Every structure is written in C-alpha cells, then in structure tokens.
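The values are calculated or read from the model by the stated rules, or taken from the named source; none is laboratory data. If you're wondering where the values come from, they're calculated on a predicted model, not measured in any experiment. Neighbour counts run over all protein chains shown; Cβ positions are idealised from the backbone, glycine included.
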Amino acid sequence: MKILFLFIDGVGMRRAAADNPVNPEVCPTLCRLIDKHSKSIDACLGVEGLPQSATGQATMFTGLNCAKAMGRHCEGFPGPSLRRLIEENNLFLQLKKRSLRVRFADAYLVESADELAARRYKSVTTVMALTTPEVITTADDLAEDRALMQDLTRETIQDRYPDIRVIPPQRAAEHLFALAVDSDFTLFEFFQTDVSGHSMDYARACAVLRTYDRFLSALVRMCEAAGLTIVMTADHGNIEDMSERGHTRNPVPFIAFGPGERAIRDGVESLVDVTPSLLAVFDAI
C-alpha cells in the first residue's frame, strides 16, 4: 500500500454558516471527502485552552499526547522539550525503521540540510525531517519539479526565485502524484489555510480554499485511478470560523480515501491515534 498524507493546517469541522468558507460552493472536493470519507476527531487532547500548532502537530506525528506532556498547548515552533519528543519518536523514523520509502514533498529554500538545521526556529515537520535528512528537498528540487512549494503555485517565492516558474495547482498535483507513486509514504504540508484563517479576511480564505480544492480534485482523480490511498487531517480548527482570529476547539476531519481506508479511519478518535493507525496499517501488509 502507498499512502499520501495531506496535512492541511487549521481546518476544523463546523456547521454551515455565513462565516464558514469550508462549504461546497468554495471547496466541493474537500467537502465531498469530508462528507463521504471522514470522521470528526478530537484536537483538544484533554487540555484546557485553544489547540495550537506545535503540540497538535507533534501529537499527530508521534502518537504521544504532547499537549499533556507539556502541560499546555504550545503554539508556533516547538521548544527544546517538545523537540526532544519529536526527535526521539516520529513517523518518519518509525517508517524508516520498517525499511519503507519515505518522502517529504515540501521544498525548503536552503542549500543543504545543514543550513536548515542551523535555523533557530523550526516547525514540527522540519524537526521531524531533520531526523531523516534524506527526505529534505531544496529549491533546486523545486525547480526540477521534484518537490512542491507549500503554497502550491510558487507565487510566494517569485521575488526571491523569479526563474522558478509559477504553476497552476493542478500541475502541483501532478508533481505530488509522481512523487507518491515512487514512495511508500509521502507527506505534503499546506499551511495557507491557517494563515488565511488568522487574517479574518473571508475573501482571502475562500481564495486559498479554491486553490487547494483545484489541486485536491486533480490529485484525487489520479490517486483513485492508481490505487493510492489519501489520508488528510488538520492540527486544529481555524478557517472554519472566520469571525475569530484565533484557533477553535472544533474537532478536525480525519479523511481516508482509497485502499484500506476503513482500517485506517476506524482506529482514529483523536490526533494521538494518527501515527499509530498508519503504522498498524503498514505492519499489517
């Protein structure tokens, strides 16, 4: 089985509302997957306060309740204690121990893994990638279509990399599919949903979701034809409630679509269960 994991930052589950852009008119493919191939899972992790990115993502990618371990929800970039938890026990490392081919599809705008490691602030996925540095890709890989930019279209880097052409989101889907068919597990992180959610700009949020949905629509068609399994989830809610600038305590969708989807989905009730469920599916093959 080949699994393509789409981490979409800051998308929670909420009823239809005038300030909820996660609706079929804006993102029909995403909504169809949520309606037919998902379940609501907990992102609050039994800790008071609003869920945050550092502990939510660390929980998702380790199987440990990192919010409880830290005693609070930690936002932004993980600190030293949380980094240690990620470095010692993360999904990339666990898959590598099983001799599976792992790929992180997001390109870093660096020359090398050493340059990335020297950064003071690192995201959860960056800390995880540095434990398996062979998965790290750079701007050169992006220029050769061997990686994706986190915004899909590459528009956000044109001031620094004008020679790397802008592409439509459907082309980004083609690039990601090509990477996924050559690996056992591929991760792609998209965080423009969270950024636009914080903006409280409904039109901007809709534009981001429409771009992602064009990408997702093309990707779903290709994966379905090839028998690849798509797994998608978020670290916390945000964009589904544009009346608030911060995150929400709403549940998040856990989508599994393709071969083995029921086995993957059935065992997941919260972010804690995501990594164990994926590992169990690979172990059962």
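In region 263-285, the qualifying residues are those that are among the β-branched types (Val, Ile, Thr) and surrounded by 14 or more Cβ atoms within 10 Å (Cβ to Cβ), and the one that is farthest from the chain's Cα centre (by Cα) is Val281.
In region 136-159, is there at least one residue being without any contact (Cβ under 8 Å) to a residue 12 or more places away in the chain, within 21 Å of the chain's Cα centre (by Cα) and either on the phi < 0 side of the Ramachandran plot or outside any helix (DSSP H, G or I) (or both)?
The initial filter retains those residues of region 136-159 that are without any contact (Cβ under 8 Å) to a residue 12 or more places away in the chain, namely 140, 144, 155-156, 158-159.
When the remaining residues are screened for being within 21 Å of the chain's Cα centre (by Cα), the result is 155-156.
Now restrict to residues that are either on the phi < 0 side of the Ramachandran plot or outside any helix (DSSP H, G or I) (or both): 155-156.
Scanning region 136-159, I find at least one residue that is without any contact (Cβ under 8 Å) to a residue 12 or more places away in the chain, within 21 Å of the chain's Cα centre (by Cα) and either on the phi < 0 side of the Ramachandran plot or outside any helix (DSSP H, G or I) (or both), so the answer is yes.
One residue stands out among those in region 101-149 that are surrounded by fewer than 16 Cβ atoms within 10 Å (Cβ to Cβ) and aliphatic (A, V, I, L, M): the one that is nearest to His175 (Cα to Cα), which is Ala143. Hey, does region 119-134 have a residue that's closer than 30 Å to Gly71 by Cβ, touching a helix residue (DSSP H, G or I) at 6+ places or on another chain (Cβ under 9 Å), at pLDDT below 95 and in a loop (DSSP other than H, G, I, E, B)? Yes, region 119-134 contains a residue that is closer than 30 Å to Gly71 by Cβ, touching a helix residue (DSSP H, G or I) at 6+ places or on another chain (Cβ under 9 Å), at pLDDT below 95 and in a loop (DSSP other than H, G, I, E, B).
Taken over region 202-260, the criterion of being assigned to a helix (DSSP H, G or I), in contact with a helix residue (DSSP H, G or I) (Cβ under 8 Å, 6 or more places away or on another chain) and among the basic types (Lys, Arg) is satisfied by Arg204, Arg214. For first residues located in region 98-118 and touching a residue at least 12 places away in the same chain (Cβ under 8 Å), partners that are aromatic (Phe, Trp, Tyr) and lie 6+ apart or on another chain with Cβ distances below 7 Å form the pairs Arg98/Phe282; Leu100/Phe185; Leu100/Phe282; Val102/Phe92; Val102/Phe185; Ala105/Phe188; Asp106/Phe188; Leu116/Tyr108.
The combined condition, being under 22 Å from Leu4 (Cα atoms), surrounded by 20 or more Cβ atoms within 10 Å (Cβ to Cβ) and under 17 Å from the mean Cα position of the chain (by Cα), is fulfilled by Ile255. Determine whether region 177-200 contains at least one residue that is surrounded by fewer than 19 Cβ atoms within 10 Å (Cβ to Cβ), in contact with a Ser or Thr (Cβ under 9 Å, 6 or more places away or on another chain) and among the aliphatic types (A, V, I, L, M). Yes.
Within region 1-54, being of a type in the set (D, E, K, R) and either surrounded by fewer than 19 Cβ atoms within 10 Å (Cβ to Cβ) or assigned to a strand (DSSP E or B) (or both) holds for Arg14, Arg15, Asp19, Glu25, Arg32, Asp35, Lys36, Lys39, Asp42, Glu48.
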